[in-house]
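Only one structure is covered here, and it is reproduced in the block below.
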Amino acid sequence: MPKYLITTAKITFAAAMVLGLIVWVQLSYGWRETLSEWAKPSILSIALASLFILLSHMLRVTRIYFAYTRVQALSFKSCTAVSLVHNTVSFLLPMRLGELALPALSRHQLDIEYKYSAASLVLLRLFDAHVLLSLLLFFAGGLFMGEYALIAPLLLLAALPVFMVILQQLGGRVKKLQFAAPLFKNHRTWLSLYAFTVAIWFIKLLALATLASSLGDLPIDHAWIATIIADGSALSPLTGFANAGTFELAFTLPLLPLGYTAEPLIKTAVNVHLFIFITNICIGIFGFTLLQSKQAIQKG
């Protein structure tokens, strides 16, 4: 199938997800009733959640800055612009298309080679998936495995250094991978990147789970499970614009076996998703204002 047809199909699917979600919420519950749930959390709790989300984004900036400075010195301000814009674009565009923004912006704004920025992105996304899965096993294991709840996440954590050692060996022997070696050639580098990843997701999901718990009157451990899976669904190659539809589905389905009904869960998911959307847009706009023109980059 021609590439343009595949892209058109993806965009059509993503647009249908957004439109379908808007119409379905209106017909099933009404947007006014759905948004009325915002009367439950206090202004202070919403402000703290927003602050935590901002902090998680700044940790993402620091993570990219740390990865890139393994190969060259660069401005933290310029790295902030690239990271914030990339985060927002990758959130808004469907099917992971927004990930292309990081190599493109890194090359244009920071003069980072495409290969290195792409390698950084792949490694960080693997770390993201590992942390999310570990957190999910921790919270879900407490519900289903009792006293053995910690076994699965501990095994997953134990597998990480084994994988990194294998990667280090491959990086040292395979010439085609040597360009990415600064990311994993020593333990301090990859452990630092992984520590940033843990902090990013813990802070972000703490904010979202607390907000979801308040909006939907959910036990905090159930809110953690729902938000981990829902926010992690953005890593899937099948998402709508701004993860519309897939977020709500991923939030709701895991809790149904626990005895919940779908309607209140979907309302909560929609409101949490709106919060993510608004904060991402605001942070992306700020990042966009920091981007430099070609003339400014050349002068610098």
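Exactly one residue among Ala158, Ala180, Ala140 is surrounded by fewer than 13 Cβ atoms within 10 Å (Cβ to Cβ) and either in contact with a Pro (Cβ under 8 Å, 6 or more places away or on another chain) or farther than 21 Å from Ile276 by Cβ (or both), and that residue is Ala158.
If only residues of segment 226-241 that are among the aliphatic types (A, V, I, L, M) and surrounded by fewer than 23 Cβ atoms within 10 Å (Cβ to Cβ) are counted, the one that is nearest to Gly216 (Cα to Cα) is Ile229.
Of all residues in segment 256-278, those that are modelled with pLDDT under 90, over 13 Å from Glu37 (Cα atoms) and touching a Ser or Thr at 6+ places or on another chain (Cβ under 6 Å) total 0.
Quick grid of which residues meet (1) under 27 Å from Leu97 (Cα atoms); (2) assigned to a helix (DSSP H, G or I); (3) among the hydrophobic types (A, V, I, L, M, F, W, C):
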| residue | (1), (2), (3) |
| --- | --- |
| Leu218 | no, no, yes |
| Gly232 | yes, yes, no |
| Leu255 | no, yes, yes |
| Tyr260 | no, no, no |
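Within segment 239-253, the set of residues being free of Cβ contacts under 8 Å to residues at least 60 places away in the same chain and out of contact with any Phe, Trp or Tyr (no Cβ under 9 Å at 6 or more places or on another chain) comprises Phe247, Leu249, Ala250, Phe251, Leu253. Does Ser78 satisfy the condition of being at pLDDT 90 or above and surrounded by fewer than 17 Cβ atoms within 10 Å (Cβ to Cβ)? Judged against the criteria, Ser78 is not a match. When we screen Val165, Val131 for residues that are part of a helix (DSSP H, G or I), hydrophobic (A, V, I, L, M, F, W, C) and modelled with pLDDT of 95 or more, the only hit is Val131.
The values are calculated or read from the model by the stated rules, or taken from the named source; none is laboratory data. Because the structure is a prediction, the values reported are computed rather than measured. Neighbour counts run over all protein chains shown; Cβ positions are idealised from the backbone, glycine included.
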